[in-house]
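Quick note: the coordinates plus some simple rules give every number you see, no bench work behind them. Here the structure is a predicted model, which means the values were calculated and not measured. Don't worry about glycine lacking a Cβ; one is built from the backbone with ideal geometry, like all the others, and counts go over all protein chains shown.
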Number of protein chains: 2
Amino acid sequence: MKVRVHVMLKQGVLDPQGEAVRHALGALGFEGVSSVRQGKVIELDLADGTSEATIGEMCEKLLANTVIESYRVEQL
Amino acid sequence: MKVRVHVMLKQGVLDPQGEAVRHALGALGFEGVSSVRQGKVIELDLADGTSEATIGEMCEKLLANTVIESYRVEQL
């Protein structure tokens, strides 16, 4: 089974990488870019029948830093 | 308007970051993880009416390295 995990910084957490992208887009002449947030997406190929709880545990223990990041699991 | 851009390494391009995650999940005792690919997700807050062509240009020029990465634009 394939699973996609989206990890984003939580609202209010400073995102210097996103900010750098915003600046760079402006420097390239793209106007009207008011905000950019950058996150990670992790595609996992898991054994069939891996439970949602196990996937949640993977996220909590390794994939996301839940102090500053939120995650969302999407089954493909 | 909000737009989400997904950037993933193309098939066949070595993904050391994903490989490191796969190893780490194994070391944490998670079994059956056969493959992991890691990519980026960029959420942009753009001026209303920004054309798809402009968004494509942003991706081609800055957000993705199209030699080794593919991208997908999702309107939110």
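Return the Rg/Rh ratio of the protein assembly as shown with Cα-based radii and a Kirkwood Rh.
1.00
Can you pull the one-decimal nm distance between simple spin-label points at A:S51 and B:S34, each 7 Å off the Cα toward Cβ?
2.3 nm
Compute, for chain B, the length of the dipole vector about the Cα centre, with Cβ point charges of +1 (Lys, Arg) and -1 (Asp, Glu) only. Units Debye, rounded to 20.
Roughly 180 debye, rounded to the nearest 20.
For helix A:16-27, what angle does its Cα long axis make with the longest principal axis of chain A, in degrees from 0 to 90 and rounded to 10?
Long axis of A:16-27 versus the principal axis of chain A: about 40 degrees.
Between chain A and chain B, with a rotation axis joining them, whose C-beta in A is nearest that axis, and what is the whole-Å distance?
Closest to the rotation axis on chain A: A:V41, 2.
Where is the GNM fluctuation largest for chain A (alpha-carbon springs, 10 angstrom cutoff): A:V13, A:V41, A:V33?
A:V33
Placing a label point 7 Å from Cα toward Cβ, how far apart in nm is B:G56 from its equivalents in the other copies, listed shortest first to one decimal?
4.2
Place a +1 charge on the Cβ of each Lys and Arg in the protein assembly as shown and a -1 charge on the Cβ of each Asp and Glu, then give the dipole magnitude about the Cα centre in debye, rounded to the nearest 20.
About 140 debye.
Please list log₁₀ I(q)/I(0) at q = 0.13, 0.16, 0.20, 0.21 Å⁻¹ for chain A, using the Debye equation with identical point scatterers on the alpha-carbon positions.
Log10 of I(q)/I(0), two decimals: -0.50, -0.66, -0.84, -0.89.
Inter-copy label distances at A:Q11, 7 Å along the Cα→beta-carbon direction, one decimal in nm, shortest first?
Distances between equivalent label points, in nm: 3.9.
On average, how many beta carbons from a partner chain sit within 10 Å of the beta carbon of a residue in B:18-30?
If you average over the peptide's residues, the count of other-chain Cβ atoms is 3.
How many partner chain Cβ atoms sit within 10 Å of a residue's Cβ in peptide B:32-40, on average, as a whole number?
Mean partner shielding for this stretch: 6.
Nearest 0.05, what FRET efficiency do B:K2 and A:L76 give at R0 = 30 Å with Cβ-Cβ as r?
Computed FRET efficiency for B:K2 and A:L76: 0.85.
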